[in-house]
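Each value in this text was obtained by applying a stated rule to the coordinates, not by laboratory testing. Note that the structure is a prediction, hence the values are computed from the model and not measured. Cβ atoms come from the backbone with ideal geometry, glycine included; neighbour counts cover every protein chain shown.
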Amino acid sequence: MSVGGPLIDGDWLQARLGDPDLVILEIDERPLIYRVGHIPGAHCLDWRTELQDPVTRDLPDADAMAGLCARVGITAASTVVLYGDKSNWYACFGFWLLRHYGIADLRLLDGGRQAWLAEGRPLSVDEPEVPAGRETVLPRAGTGVRAMLADVQAAIGGAVQLLDVRTAAEYRGEVLTEPGYPQEGAQRPGHIPTAINVPWDVAVDQDGRVLPEARLRERLREHGVDLNRPAITYCRIGERSAHTWFVLSELLGLRARNYDGSWTEWGSMVGMPVAVGNGERPAAAADPADAGVGTGGAGAVDPPSN
Amino acid sequence: MAPNPADTLQADPAQTLASVRAELAKVRASVARIERDLGLLEATQRGAGGTGRERPDRYLQVLVDVYDRGGRHGLDPDGFAAVGERHGYDRRGLGGFFTGGRAPLRRDHERILLTPYGEQLVDLYLQRLAP
């Protein structure tokens, strides 16, 4: 994918380190990895405590988001760069959350931590300070990137595509969750009726970088995605699907929303319709790499935790 | 006595398949949870000076690097060898990471990935860095 818009690369970022209008945010599955070393000037956001409401299962409210923006110094003039571990899953969730709250200039570092490390770029263990007296933004929710349960129910069999970005095994209903994520199980396995299976890593290379645009479009089409129709993405808790949302919405310009309730909501509620098996996946999209627990992504590998 | 799945299958194949899948999924989730709890117990035992084998820092740092540099798809063999070398391991000496019932790493389609137990060891190492 070409860089310079919402997707930036290490050269772009390294050339701008120290820019006072640049806010760099690292969001990891394991936030302590930040302490091993991070991009100089980056703040660490904890997705468990800062990107969710601490009590209700919901996003942080506007007051909490205002506090977060003040902590890291996001002003109206800021360019906010996000990156993280595990091929940017949680960084994409943060990107989506900030977009939901109307933050305008957002960028994602292609490949995240692993790309920065692989390129041998500088690291720091110092935590940045925000200069006092900054007039930080007051976020307001409602930019149309979030899908709620009712939106998904209305989309079944309709004009809006439902894209299940979990592994093929999760989609088929063979597993509730994956090894290493026992806390993310639902009450029932399977998928939302009429959803098609488009594993998130269809969009990336082995190193977690987003594929070149032509190849990206080709792979999405191969998996049955209509690039001219609006879409709702979901996974287990909404972070993998935030990655696919980023690709569709921010890079390819689709009208896409992320259903952050995802399968842990749908698969746990009483009376919800559930489909199992290969479902609506187009036969033409069959891919040997999808036969196992793996993702069927670009690398045709079956990682244990994706 | 539980009904014979084959008999039920003839009565209502779709419902039976869904039911068996649901049961299997729950068993797998339970196994994953037990694996995780067992890993934590073993790790706690080691931390308390129990009989478990102490892991040297460089061993744990290899695992952290696999986690950090491998992303979702893991490292390729050359990348793993480079990680090992960075921490003082000869390429031939890296096989020990894959052996034993509690191996922290596994190979899958030529990619090197953490096992759930390996992830527990990474968490233990990272917890030392907490403020």
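Rounded to whole Hz and in sequence order, give me ³J(HN,Hα) for the stretch B:92-99 from the Karplus expression 6.51 cos²θ - 1.76 cosθ + 1.60, θ = phi - 60°, writing x for Gly and Pro.
6, x, 8, x, x, 6, 10, 10
Count, for each residue of B:100-109, the Cβ atoms from other chains sitting within 10 Å of its Cβ, then give me the mean as a whole number.
What the average comes to for B:100-109 is 2.
Can you give the mean number of other chain Cβ atoms that lie within 10 Å of the Cβ atoms in peptide A:28-35?
Numbers: counts 1, 3, 8, 2, 10, 6, 2, 5.
Mean inter-chain Cβ contacts per residue within 10 Å come to 5.
Could you work out the mean count of beta carbons from other protein chains within 10 Å of each residue's beta carbon in A:116-123?
Working: counts 0, 4, 4, 0, 0, 0, 0, 0.
Rounded to a whole number, the mean comes out at 1.
For residue B:72, enumerate residues with amide H under 5 Å from its amide H, sequence gap 5+ or separate chain, H modeled in the peptide plane.
Amide H neighbours of residue B:72: A:87.
Show me the ranking of peptides A:203-214, A:121-132, A:147-158 by mean Cβ neighbours inside 10 Å, starting with the highest. Each step should come with its number before you reach the end.
Working: A:203-214: 19.9, A:121-132: 11.3, A:147-158: 15.1.
Packing order, densest peptide first, comes out as A:203-214, A:147-158, A:121-132.
Hey, can you grab everything whose amide H is under 5 Å from the amide H of residue A:44? Only 5+ residues off in sequence or another chain; H modelled, so Pro and N-termini drop out.
Placed amide hydrogens put A:26 under 5 Å from residue A:44.
Can you list the residues, at least 5 places off or on another chain, whose amide H is less than 5 Å from the amide H of residue A:107, using H built in the peptide plane?
Placed amide hydrogens put A:80, A:81, A:82 under 5 Å from residue A:107.
Gaussian network model of chain A, Cα springs within a sub-10 Å range: biggest mean-square fluctuation belongs to which of A:245, A:96, A:266?
Maximum among the listed residues: A:266.
Is the shape of the stretch A:27-174 best called rounded, prolate or oblate, per the rule: a/c under 1.5 gives rounded, else a/b larger than b/c gives prolate, else oblate, with a ≥ b ≥ c the square roots of the Cα gyration tensor eigenvalues? Spell out each step's value before the answer.
Values: a/c = 2.12, a/b = 1.32, b/c = 1.60.
Verdict is oblate for the stretch A:27-174.
Could you give the C-alpha radius of gyration of the protein assembly as shown expressed as a fraction of 2.2 N^0.38 Å, taking N as the number of residues it contains? Write out the running numbers ahead of the final one.
Numbers: Rg = 21.8 Å, N = 437, 2.2 N^0.38 = 22.2 Å.
Working it through for the protein assembly as shown, the quotient is 0.98.
Treating the beta-carbon of each Lys and Arg as +1 and of each Asp and Glu as -1, no other charges, what is the dipole magnitude of the stretch A:7-118 about its Cα centre, to the nearest 20 debye? Could you put the intermediate results ahead of the total?
On the way: 10 positive and 16 negative charges, 40 e Å.
Dipole of the stretch A:7-118, to the nearest 20 debye: 200 debye.
For the stretch A:94-110, just list the computed ³J(HN,Hα) in residue order, Karplus coefficients 6.51, -1.76 and 1.60, θ = phi - 60°, integers in Hz, with x standing in for Gly and Pro.
Calculated HN-Hα couplings, in order: x, 4, 4, 5, 5, 5, 4, 8, x, 5, 7, 9, 10, 9, 10, 6, 4 Hz.
Could you sort A:11-21, A:181-191 so that the peptide with the highest average Cβ count within 10 Å comes first and the rest follow in order?
Details: A:11-21: 13.5, A:181-191: 21.3.
Highest mean packing first, the order is A:181-191, A:11-21.
Considering only DSSP beta bridges where both residues belong to chain A, give the percentage that are antiparallel (nearest 5). Working shown, then result.
Working: 4 of 28 bridges.
Of those bridges, close to 15 percent are antiparallel.
For the stretch A:22-64 and the stretch A:185-205, what is the separation of their C-alpha centers, rounded to whole Å?
So the separation of the two Cα centres works out to 25 Å.
Between A:142, A:261, A:271, where does the largest GNM mean-square fluctuation fall for chain A, given springs only between Cα atoms within less than 10 Å?
So, out of A:142, A:261, A:271, the one fluctuating most is A:271.
When chain A is treated as a GNM, springs tying every alpha-carbon pair under 10 Å, which of A:168, A:62, A:141 comes out with the largest mean-square fluctuation?
Greatest mean-square fluctuation among the candidates belongs to A:62.
Only helical DSSP H runs with n ≥ 4 go in: add -39500 (n - 2.57) per run for the protein assembly as shown, normalise by residue count and round the 222 nm mean residue ellipticity to 500 deg cm²/dmol. Can you show the working numbers first?
On the way: 14 runs with 148 residues, N = 437.
Estimated from H runs of four or more residues: -10000 deg cm²/dmol.
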